[in-house]
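J.: Below you will find the structure I want to go over with you.
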Amino acid sequence: MATYKVWSGATGANNGTSWTDAYTSFASAVSAATASGDIILVHYTSQLNLAADTTFTFLNNVSVISVDKDASDAPTAMGTGGWIGHSTTTYGIALAGAYRVYLYGITLRIAASSTRTINLAATDGADQTIENCYLWVGTTASGGSVILGTGSSSSNGSVRSKNSTWRFGAASQGITLGARLLVEGGSISSAGSAPSTLFNSFYPNAAPVWFRGVDLSFLGSGTLVGSAGSGAVTFNFDRCLLGTSYVALATQTPANLSAAEVYILDCSTGSAQGLYGYHNAQGSVVSDTGIKLTASAAGQSWKITTTANASFYTPFVTPWISFYHSGTSAITPRIEILRDGSTTAYNNDEVWAEWLVKVTASSPLATLYSDRRGLTSSAAAQDTGAGTGSWTGASGTAWSGKCDSGASVTPASVGDLSGRLCVGAANATVYASPEPLVA
Amino acid sequence: MTHIVESTFTADAHVQSDGSRYVTERHVDNLGRVLTFGPYLCADGMNPATVMAQRAARLDAEFALRDAEAAQAAQGRTPWSKLEFRDQLGSATEQALDKLIATFEANPGIPDNTKDVMRTGFARYREALYIERPLRSEVLAMLGLLKTLGAITQAQIDAIVAAANA
């Protein structure tokens, strides 16, 4: 296990053995680091300018750490003062090699105005982690982007980003995703341009994608997930700061569940907490604090809006709501719903509930219950709910109903029950209390 | 040229607890295709009409860019994706190419200056977003290299070139 040093200001033997004799090119260090566990230290002020499009192919499991050679090699990020790439000429950068590679504090920079990309995990089987790094797509070309993966829908790749900065040079740029992606911390830099669509292209091998604790506020009213991808990829945004008037998911093609879906988990554009969202081609669920069941501790309702693609046989289905139930007597769990702007009841082929309950003793197997109308039965109105007076924020014209388990169920043990709503009516809006009730 | 011909939005009658309001935009292009954005939360004090107009302008810019790229491709031939190019090689040649890429650096039988050329050539292949048609000389050179290694026949190369020129 060896350590190689890189410093653009070195004037010694250029063999990486000391700071005096440090390599002056990053490529030399990558070529030298052939043993698993090798470490490459890069002095943080180094401006390691490329002379051509460059693929750095790692030859083993290697770590690359930006340090301050003048402070006992303390880990120090390059930021915008140092880089691997170029500041005035466009050269593409790719990190390749089917190995586990870790980078700390490294800036990858492309500049000028030609179409080039920063490509991570550029080999089938690459597993790359970047921490406190700076991905700087400085080119103003519309085709500039960050590419994760090989660009093939059949290859393996993984990128994990911790507290790193992503910077773009034009609104048409974004992330092309062909690898597993986990992003924890970090941000989209406001020093660059805000992509109008963050994920403008993706492949099935990207599923699922997680963003946790990321500042995406600079995206403004941009779209998180566009329509130009392929595959049923799930994008999750958990406790992120989002842009003002952001759009979660663009219109999808195909217009069904084989396209992308987006979860928004406790994210907002300001100080609001506990907001939820789920979006797919057939509809969406968003937190609504303006209309809610007054007595509910949730303090919000789920506003469910379906697209023209929802139907009785292919309804929009909300995520499951799991809740703890401490009894083993017969119950009829229900979800209170509201139709605002009309006093007409929803039928059981337009809105219904599904439940997962463990009813068999000493078995983890849950049984599915529903109050959906029978496939060949006539539709019937859902039961009246708590009453419009139990809701806050509704207009003067509304209908209150409930969706339940169809018949009573008897949990076999204390524990979690799960319920969700299905909306088979196209272009409909239903408000639902996300706190299922059993009493 | 593709462009937005109609943009409308609907906003909730009620506001959220922070004064924001859910808005859904509907944009229609000149081909009748509908693009929906939202529901999104329009902050208190923001004008959804302004947000909609800005998005329509961004969409027009993206359409213009896409149309320009398509026009450029149509003047020649639609480029192959790299996957489509690999399909032309056939599985045996494809495997030989991948093996060559993975092993040439350690091959003592290849001179260093040849390795330099190969290294850059393979790097350019990896960087490429697509394979132009007709094939560039550097792609033909790569096929020629595979032929010298016995991984592909001249007849196969001729067939690939013919497909690229079709």
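The values are calculated or read from the model by the stated rules, or taken from the named source; none is laboratory data. Note that the coordinates shown come from a computational prediction; the quantities given were computed from them, not determined experimentally. With ideal geometry, Cβ positions are generated from the backbone for all residues, glycine too; neighbour counts draw on all protein chains shown. Heavy atoms of the whole protein, side chains included, go into the accessibility calculation; ligands, DNA and RNA do not. Shrake-Rupley method; radii C 1.70, N 1.55, O 1.52, S 1.80 Å.
J.: Have a look at A:W136, A:S72, A:S113 and report the one farthest towards the positive end of the charge dipole of segment A:42-136, computed about the Cα centre with Cβ charges (Lys/Arg +1, Asp/Glu -1).
T.: A:S113
J.: Let me ask something else about it. Over all alpha-carbon pairs in segment A:167-299, figure out the percentage whose distance exceeds 26 Å. Please list the in-between numbers first.
T.: Numbers: 1726 of 8778 pairs.
Summing the P(r) tail past 26 Å for segment A:167-299 gives 20 percent.
J.: Where does segment A:274-340 land on Rg(C-alpha)/(2.2 N^0.38 Å)?
T.: The reported ratio for this selection is 1.29.
J.: Related question: Show me, for segment A:3-16, the HN-Hα J-couplings you get by feeding each phi into the Karplus relation (A = 6.51, B = -1.76, C = 1.60, θ = phi - 60°), rounded to Hz, glycine and proline as x.
T.: Ordered by residue, 3J(HN,Hα) equals 10, 10, 10, 10, 8, 5, x, 6, 10, x, 7, 6, 10, x Hz.
J.: Here is a follow-up. Rounded to whole Å, give me the distance from the Cα center of segment A:240-268 to that of segment B:1-75.
T.: Value for the Cα centre distance between the two parts: 15 Å.
J.: Along the charge dipole of segment A:241-375, pointing to its positive end and built from +1/-1 on Cβ of Lys, Arg, Asp and Glu, which listed residue (A:S363, A:I321, A:N256) has its Cα farthest out?
T.: Working it through, the farthest residue towards the positive pole turns out to be A:S363.
J.: At what distance in nm do the modelled label points of B:Q95 and A:Y313 sit from each other, each positioned 7 Å from its Cα along Cα→Cβ?
T.: 4.4 nm
J.: Hey, another quick one. Let me spell out the model: positive unit charges on the Cβ of Lys and Arg, negative unit charges on the Cβ of Asp and Glu, origin at the Cα centre of the protein assembly as shown. What dipole size does that give, in debye rounded to 20? Working shown, then result.
T.: On the way: 37 positive and 46 negative charges, 74 e Å.
Dipole about the Cα centre, nearest 20: 360 debye.
J.: On to the next question. For the protein assembly as shown, report the % of Cα-Cα distances exceeding 45 Å.
T.: 30 percent
J.: Can you give the accessible area per residue of the protein assembly as shown, in Å², using a 1.4 Å probe?
T.: 42 Å²
J.: Report, in cubic angstrom per residue, the convex hull volume of the C-alpha atoms of segment A:355-401.
T.: Spelled out: Cα convex hull of segment A:355-401, divided by residues, is 134 Å³.
J.: While we're on this one: Rolling a 1.4 angstrom probe over the protein chains, ignoring ligands and nucleic acids, what is the accessible area of A:S390 in square angstrom, nearest 10?
T.: 40 Å²
J.: Accessible area of segment A:105-206 with a 1.4 Å probe: how many percent of it is carbon plus sulfur?
T.: Carbon and sulfur atoms account for 38 percent of the accessible area of segment A:105-206.
J.: Residue by residue through segment A:62-77, which ³J(HN,Hα) values in whole Hz follow from phi under the Karplus form 6.51 cos²θ - 1.76 cosθ + 1.60 (θ = phi - 60°), with glycine and proline marked x?
T.: Whole-Hz 3J(HN,Hα) from phi for segment A:62-77: 10, 10, 10, 10, 7, 9, 9, 5, 8, 9, 6, 6, 5, x, 9, 6.
J.: Rounded to the nearest 0.05, what FRET efficiency do B:M46 and B:A159 have when you use their Cβ-Cβ distance and R0 = 60 Å?
T.: Details: r = 59 Å, r/R0 = 0.98.
According to the calculation, E is roughly 0.55.
J.: What list of ³J(HN,Hα) values in whole Hz, one per residue of segment A:144-155 in order, does the Karplus curve 6.51 cos²θ - 1.76 cosθ + 1.60 (θ = phi - 60°) give from phi, with Gly and Pro shown as x?
T.: x, 6, 9, 10, 10, x, 8, x, 9, 7, 10, 9
J.: Still on this structure, I have one more. With chain B treated as a Gaussian network of Cα nodes joined by springs under 10 Å, which of B:D44, B:D87, B:D60 yields the largest mean-square fluctuation?
T.: Greatest mean-square fluctuation among the candidates belongs to B:D44.
J.: What does DSSP give for chain A in terms of the percent of beta bridges that are antiparallel, rounded to the nearest 5?
T.: If we restrict to bridges inside chain A, about 40 percent are antiparallel.
J.: Moving on to the next point. Using a 7 Å offset from the Cα along the Cα-to-Cβ direction at both A:A51 and A:A13, what is the distance between the two label points in nm, to one decimal?
T.: Placing both labels 7 Å along Cα→Cβ, they lie 2.4 nm apart.
J.: Looking at the square roots a ≥ b ≥ c of the eigenvalues of the Cα gyration tensor of segment A:81-124, which shape do they give, rounded for a/c under 1.5, prolate if a/b is larger than b/c, or oblate?
T.: Details: a/c = 4.06, a/b = 1.50, b/c = 2.71.
Because a/c hits 1.5 or more and a/b fails to exceed b/c, segment A:81-124 counts as oblate.
J.: In Å, the Kirkwood hydrodynamic radius of segment A:99-257 over pairs of distinct alpha carbons?
T.: Final number for the Kirkwood radius of segment A:99-257 is 15.3 Å.
J.: What shape does chain B have by the C-alpha gyration tensor, where a ≥ b ≥ c are the square roots of the eigenvalues, rounded means a/c under 1.5, and otherwise prolate means a/b greater than b/c and oblate the rest?
T.: Cα axes put chain B in the prolate bin.
J.: Quick one: divide the alpha-carbon radius of gyration of segment A:1-149 by 2.2 N^0.38 Å and tell me what you get.
T.: Scaled against compact globular proteins, the figure is 0.96.
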